[in-house]
Amino acid sequence: MAFALSPERERELQDILTRYPTRMAATIPLLHLCQDQNGWVSEEIIQYVANKLDVPPAHVQGVVTFYTLFNQKPVGKHQVWVCRTLPCALRGAYGVIAQCEKKLGIHVGETTKNGKVTLRTAECLASCGTAPMMQVNKEYHENLTPERIDAILTKLQES
Amino acid sequence: MLVRTDYLTKVYSLGHSLDVYERQAQGYQAARKVLLTMTREQVVEEAKKANIRGRGGAGFPMGIKWSFMRPHPTKPAYLVINADEGEPGTHKDRTLMELNPHSIIEGCIIGCYAIGANVAYIYVRDELHLSKERLWGAIKEAQAKGYLGKTPFGKNYPVEVYVHTGAGAYICGEETSLLNSLEGRRGEPRLKPPFPAQAGAFGCPTTVNNLETIATVPAAFMLGCEAYSKLSALHHIADGGVRLYGINGHVKKPCVVELACGPTINELIYDIGGGILGDKPLMAVIPGGSSTPVLRADEVVDAPDEKSPMHAWHGKNVMDVPLGVDTMRGVGTMLGTCCVTVMAEGTDPVLAMLNLMQFYHHESCGQCTPCREGSAWLDRTVQKLYDGNGTTEDIALLADIANNIMGNTICAFGEGTAMPALGFLKKFKREFEEYATGTRTKAQARLTVD
């Protein structure tokens, strides 16, 4: 079935388009809407976005490959991003990463076999005062302790 | 000198609604006064007196930036707010978006009026979902009250504010890269000139202000801009007002705090941060985000010349110099974002540099060869030393690579990579040599304090 935005997201897109003097400006917001719905940005979505906004597919492809947050291949149901940059590293981020890898049984950049969790490291997420931290889907978890990390990951694997 | 203030942070513990902002913090009175009683020119002249140095890191005077905007016969103007907070060590703007979003919306109304814009875009990094939600909530509340829209406060001067999101690219905090990203393009920096005031967003005259810069504008106009500037211990060198200061890394109580401009790093570490973890001695600090060169605990200000602006602090420890745009330049680093990263004695400086070089390698946009190749080469070479496979020639090579990035790129990311690299190499020469000669190995290297 060809990709199309859900009616609710389609309405959101129409609202987004009123904010800018060009249609191209909606490229990133529309890609976010598509990825929210589909989990990743497929070639079909690139074509869809290009048609919607009257821009060349090559333009959309260029945008997708530039930005870290657009997934260019399928990912797990839940996204875990552990901040690894210096202020977090000074407060134990490397230990957080090691604990996540051990608990999930995967390395950074991989997805668990059951497709539940993709583990990645992030560059500074502006939580240096509450380090170490990780982002799970759209939520920040700050001032992490080994016990909290364990609880968060257990919940993800069960959901 | 440490002076606590609460112009931006008073509502942090009270709530983020419009009601709280109006009742507890005189919210929207400054915007009302500006729109109903002042001309655009008067607003810009008044703003200059506040001596607000840009809070994003470069420290450019905000009022002067506003004065660059000239009405264009056919093109609209735009105000763009940079909330792509991502400089490692920086965690202040997020607190404003989450806990005092209306100060930002009110600042946008005043800013739009001052530069002749009817639309403001707040560019928020995508990861900050709560920040975006709070900003949209504040926009909706302000619209419902008639503070935004066709006639704010009854004045025939339409203002709309929109939140725009990125998609995870540090470089989009660079203003021209941010503008490309806002237009729906790859976030690659543009050549300047033309500067944004001539051709910015969508080819139109544009002012890009940091989020904290615009959030502090209502307080300045409420108080009177000159009085606001005088709150600062550095008013006499045109560095005015109050700021958010962050303290992170090896301190007991990391936090964000609002202070009059001009506290010292020692005051931030010991009076605000509660001292160093394990009561260890200080090794070094990164004063304002990872791009600002590191300062060692034993550095002393060397300014014997009485004419030097730094002479007042001659012979003092750098940690006892007030944090200001020009004072930090005077000690060979930068004020940056005013968020201090503290490293206790025992931290491995080579591993710290490796961590940062991995960051710059990952975040270089790839447009300019010296930065794209240089950042990767720096990363690989520090890794080689850290792994015990380096030689003293590699230390010289690192400096050579960094020096060849400096000044050879379109945007300041190149300097932002090279300067901290050169800082670590110069100030921790002994540790790099120990790695090169094998007297120090990664088996003992640590970044944490136990």
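Structure summary
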{"item": "Residue check, B:Gly224 small (Gly, Ala, Ser), more than 15 Å from B:Trp66 (Cβ to Cβ) and within 14 Å of chain A (Cβ to nearest Cβ)", "result": "no"}
{"item": "Test for B:Asp326: is it closer than 21 Å to B:Glu212 by Cβ and either surrounded by fewer than 21 Cβ atoms within 10 Å (Cβ to Cβ) or free of Cβ contacts under 8 Å to residues at least 60 places away in the same chain (or both)", "result": "yes"}
{"item": "Residue within segment A:28-46 that is at pLDDT 95 or above, touching an Asp or Glu at 6+ places or on another chain (Cβ under 6 Å), part of a loop (DSSP other than H, G, I, E, B) and away from every other protein chain (no Cβ under 12 Å) present", "result": "no"}
{"item": "Odd one out for B:Val257, checked against (1) assigned to a helix (DSSP H, G or I); (2) within 14 Å of chain A (Cβ to nearest Cβ)", "result": "(1)"}
{"item": "A:Ile97 in a helix (DSSP H, G or I), crowded, with 19+ Cβ neighbours inside 10 Å and within 14 Å of chain B (Cβ to nearest Cβ)", "result": "yes"}
{"item": "Residue list for segment B:346-383, restricted to those being part of a loop (DSSP other than H, G, I, E, B) and within 13 Å of another protein chain (Cβ to nearest Cβ)", "result": "B:Gly346, B:Thr347, B:Asp348, B:Ser364, B:Cys365, B:Gly366, B:Gln367"}
{"item": "Exclusive hit being of a type in the set (Lys, Arg), touching a helix residue (DSSP H, G or I) at 6+ places or on another chain (Cβ under 9 Å) and away from chain B (no Cβ under 11 Å), set A:Lys138, A:Lys77, A:Lys113, A:Lys73", "result": "A:Lys77"}
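Rundown of residues vs (1) touching a Lys or Arg at 6+ places or on another chain (Cβ under 7 Å); (2) among the small types (Gly, Ala, Ser); (3) farther than 24 Å from B:Pro61 by Cβ, yes/no style:
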| position | (1), (2), (3) |
| --- | --- |
| B:Pro254 | no, no, yes |
| B:Gly262 | no, yes, no |
| B:Tyr270 | no, no, yes |
| B:Leu277 | yes, no, yes |
| B:Ile286 | no, no, yes |
| B:Asp298 | no, no, yes |
| B:Val318 | no, no, yes |
| B:Leu335 | no, no, no |
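Residues are listed down the side, and each one gets a yes or a no for (1) exposed (fewer than 14 other Cβ atoms within 10 Å of the Cβ); (2) touching a Lys or Arg at 6+ places or on another chain (Cβ under 7 Å); (3) of a type in the set (Val, Ile, Thr):
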site	(1), (2), (3)
A:Glu10	yes, no, no
A:Thr22	no, no, yes
A:Thr27	no, no, yes
A:Gly39	no, no, no
A:Asp54	yes, yes, no
A:Val60	no, no, yes
A:Val64	no, no, yes
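Let's see how each residue does on (1) farther than 19 Å from B:Val256 by Cβ; (2) of a type outside the set (Val, Ile, Thr); (3) touching an Asp or Glu at 6+ places or on another chain (Cβ under 8 Å); (4) surrounded by fewer than 24 Cβ atoms within 10 Å (Cβ to Cβ):
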{"position": "B:Lys75", "(1), (2), (3), (4)": "yes, yes, no, yes"}
{"position": "B:Gly89", "(1), (2), (3), (4)": "no, yes, no, no"}
{"position": "B:Lys92", "(1), (2), (3), (4)": "no, yes, yes, no"}
{"position": "B:Gln143", "(1), (2), (3), (4)": "yes, yes, no, yes"}
{"position": "B:Gly166", "(1), (2), (3), (4)": "yes, yes, yes, no"}
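Matching residues to (1) charged (D, E, K, R); (2) assigned to a helix (DSSP H, G or I); (3) surrounded by 16 or more Cβ atoms within 10 Å (Cβ to Cβ):
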site: B:Ala396; (1), (2), (3): no, yes, no
site: B:Cys411; (1), (2), (3): no, no, yes
site: B:Glu431; (1), (2), (3): yes, yes, yes
site: B:Ala445; (1), (2), (3): no, no, yes
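The values are calculated or read from the model by the stated rules, or taken from the named source; none is laboratory data. A quick note: this is a predicted structure, and the numbers were derived from the prediction, not measured. All Cβ positions, even for glycine, are placed from backbone atoms using ideal geometry, and neighbour counts span all protein chains on display.
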